[in-house]
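Note sheet for the following structure.
No value in this document is a laboratory result; all are computed from the given coordinates. This one's a predicted model, so the numbers in the text were calculated from it and none came from an experiment. As a convention, Cβ positions derive from the backbone with ideal geometry for all residues, glycine included, and neighbour counts pool all protein chains shown.
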Amino acid sequence: MEWKPISGYEGLYEVSDSGDVRSCDRYIKTQIRHVTSRLIHGKMLSQNTKSNGYKTVDLCKNGKVKTTLVHRLVAEAFLPNPDRLGFVNHKDSDRTNNSKSNLEWVTASENRVHGVNHGFVTFSAKSILCAETGIIFDRPMLAAEWVQDNYPGRINGTLRVAAHNIGSACKGRTPKAYGFTWIYHEGSTTIPKGSRAKRPEMGDPSCEGEDIV
């Protein structure tokens, strides 16, 4: 078994190539007479399982605790990522198997395709209708691009944010987006099986737990 420091937590925590996480031996200051510090031995961290099946651990630094996905710790420590891909895929679709040999960096598209093939994600078309113009778009991103091309002053952020806002308008969360009324035309949204939270697009890296499988 090989261990490596966790980025940002060097000297505090390490992750193994089999998916274990441990704290490191360290010295802390004491108030004991003639003793300025004492050794605290490291230990294996207990892992929690999220409702979606992913394993997590709690890492603490400077009094702040951060819950972190174990499979991403393993991938970041042991798997080269020269193309800076943003998604980690479990090859056997077992989200508890965080061994280095079971993980790979993939694109968002590859991650979604793997999820569909292994039954984690259902896909069906969902067109977007602009009520004022009658124009139908295959997905929110195309609608956002249309708004930017024809009404450039209305979108201040990125196209990804604009697509998200249009999707929210379709769900009725907001009455309009960028001056238009948006409604779903047909089909159903893309959602992970078993999830209660419907998102307009799977694999958004701004969402926690963006990896599907």
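In table form, for the structure just shown:
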| item | result |
| --- | --- |
| Paired Rg and Dmax values of the range 1-87, which use every Cα atom, in angstrom | 15.4, 54 |
| Cα-derived Rg to Rh of the range 74-178, Kirkwood definition | 1.11 |
| Loop-located trypsin sites (Lys or Arg not before Pro) in the range 57-151 whose Cβ has at most 11 other Cβ within 10 Å (DSSP) | Arg84 |
| Gain on full stretching of the segment that runs from Glu2 to Thr174 - 0.36 nm per residue minus C-alpha separation | 56.9 nm |
| Net +/- balance of residues flanking Tyr151 in space, Cβ distance below 12 Å, scoring K and R +1, D and E -1 | -2 |
| Candidate lysines for bridging to Lys100, where Cα separation is under 29 Å - those fewer than 8 sequence places away on the same chain excluded | Lys4, Lys43, Lys50, Lys55, Lys61, Lys64, Lys66, Lys91, Lys193 |
| Contour minus Cα-Cα distance for Val35 and Glu76 (0.36 nm per residue) | 10.9 nm |
| Order of Met44, Met1 - criterion: other Cβ atoms within 10 Å of each residue's Cβ, fewest first | Met1, Met44 |
| Förster-model FRET efficiency, 45 Å R0, Ser51 and Ile135, C-beta, rounded to 0.05 | 0.70 |
